[in-house]
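A short write-up of the structure that comes next.
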Amino acid sequence: MADCRRGLIDKILCKSISRFARNTTECLAAIRELKVLGIGIEFEEQHINTAKLSGEMLTAIFASIAQEESESISSHVRRGIQMRMEMGTFMPATLPYGYRKVNGEITIHHSEAQVVRQIFAEYLSGHNTREISEKMNQLSPSNSSRLWTYKSIARILRNEKYTGNSIWQKSYRTDELPRKERRNHGERNRYFAAGTHPAIITQNEFDRVQQLLAQRKETCFKGREICASMPAGIIYCGCCGSHTRKKKINGKRYHICRTHDVNSHSCPVGAVPETQIHAAFLRLYCKLKHQGSGVLPQMLATLRTVRNQRMLWSEDIIELNKRISNITSQNQLLAMLKQQGGVDPDIFISRSNELAEQLRAVKLEKERLLNARRDDTITQTQALIDAIEAGPDFLEKFDGELFGELVDRIIVENNERLRFRLKNGLELTESIERTVR
């Protein structure tokens, strides 16, 4: 679609409507947009060309049929899978580490099963998931492509299939198109089947691991609290590029680089108190409100000048303006000839309609080019100016709503400086004024 908007495509050839879109709404929306751009779609199986007047109506009919057929087939397939789950005969498409499918039966891969048993034993002996992952990577052959992480270790420890039992439909796909994967939190039935395949560990070992996982989770996260005053996922480490993690430790809220939190030697950027981030934003807002009132308006004026010059002097726009002027002149000349009786009325009507269609097509082409080259920075800069002008003269405390209107993200450059990226891409730095003890 982006190439179509840029004028790189003249016509689209498609085997069938079902290949183009399985959802009627999305299909028609795309066809209408392409029709405005002057791009037709020809569907080979249905013999439809959307450039023709009747094309969209026929497309809607066939798209509805294709969607109904697709949903009907999917419904039958899902019902068959659900029936096999209910009867306990369901065979999953993928198997966890340690198992293989041989002649339609689930069998144990003995070398991998030994690794699984070692993981459970290590965890029960007191090691955490990160320590286990590091040990597994050290023990792995040099030619092995598998990289163990603490998350993959945790998935193995929580997977009931290693006991020989199965819980099916932990996740499901939505009924409507396009399908989306969702975790099952009670929206659908779950199915438990005992003894569906050979066990690698005992049920007792698995239960002990689950109990230990719950205890460690409670211990590790005691004293930590996800703070709601700062939006999630907008603070990044300027050194390694990872997101920061929110913590509440000893009654104080911090934002700490995830890499540094795992291994302080991997990233030098440490924890930043949230109060210091708030204070830095208050200073930034004060500067924008009182000291930098001319920065954003000047930036906006410069952006508009650059955009207008770029558009006015664009070769494509100049050529289209010439064509518009030429068609307009032809239309005026035709009207003058008609007034003087120098042209037959039927010819006048036919030629006028032809010129009107040409003018409409050229204007649409010009609008398409202008829209394709539109810079959102101007709109975003104007929104920033409006938000700052509507804001208070002084902020006594952190305002999350105003923060969300102004700031796109924060980059922690180092332990002494923050970089605020505003919504229009402008970046401004503020120091971290840490308390000296």
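The values are calculated or read from the model by the stated rules, or taken from the named source; none is laboratory data. Predicted model only: the values in this text are computed from it and were never measured. Because the Cβ atoms are built from the backbone with ideal geometry, glycine has one as well, and the counts that use them run over all protein chains shown.
Residues in the stretch 98-128 that are in contact (Cβ under 8 Å) with a residue 40 or more places away in the chain, small (Gly, Ala, Ser) and either assigned to a strand (DSSP E or B) or on the phi < 0 side of the Ramachandran plot (or both): 1 in all.
Listed here are the residues, each with its yes/no results for (1) at pLDDT 90 or above; (2) of a type in the set (A, V, I, L, M).
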{"residue": "Ser111", "(1), (2)": "yes, no"}
{"residue": "Ala121", "(1), (2)": "yes, yes"}
{"residue": "Ser125", "(1), (2)": "yes, no"}
{"residue": "Gln138", "(1), (2)": "no, no"}
{"residue": "Asn143", "(1), (2)": "no, no"}
{"residue": "Arg146", "(1), (2)": "no, no"}
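Residues of the stretch 186-209 that are over 35 Å from the mean Cα position of the chain (by Cα), of a type outside the set (A, V, I, L, M) and not in a loop (DSSP other than H, G, I, E, B): Gln203, Asn204, Glu205, Phe206, Asp207, Arg208. Close Cβ contacts (under 7 Å, 6 or more residues apart or on different chains) running from residues in the stretch 354-374 that are among the polar types (S, T, N, Q) to residues that are at pLDDT 65 or above comprise Gln358/Ile327. The set of residues from the stretch 388-421 being surrounded by 17 or more Cβ atoms within 10 Å (Cβ to Cβ), closer than 19 Å to Gln298 by Cβ and modelled with pLDDT under 85 comprises just one member, Ile388.
Please determine, by comparing only the residues of the stretch 112-164 that are in contact with a Lys or Arg (Cβ under 9 Å, 6 or more places away or on another chain) and among the acidic types (Asp, Glu), which one is nearest to Gln215 (Cα to Cα). The selected residue is Glu122. In this structure, is Tyr236 among the hydroxyl-bearing types (Ser, Thr, Tyr) and modelled with pLDDT of 90 or more? Taking the combined requirement at face value, the residue satisfies it.
The set of residues in the stretch 127-136 being among the polar types (S, T, N, Q) and either surrounded by 18 or more Cβ atoms within 10 Å (Cβ to Cβ) or at pLDDT 95 or above (or both) consists of Thr129, Ser133. The number of residues in the stretch 265-281 being assigned to a loop (DSSP other than H, G, I, E, B) and within 15 Å of His243 (Cα to Cα) comes to 6.
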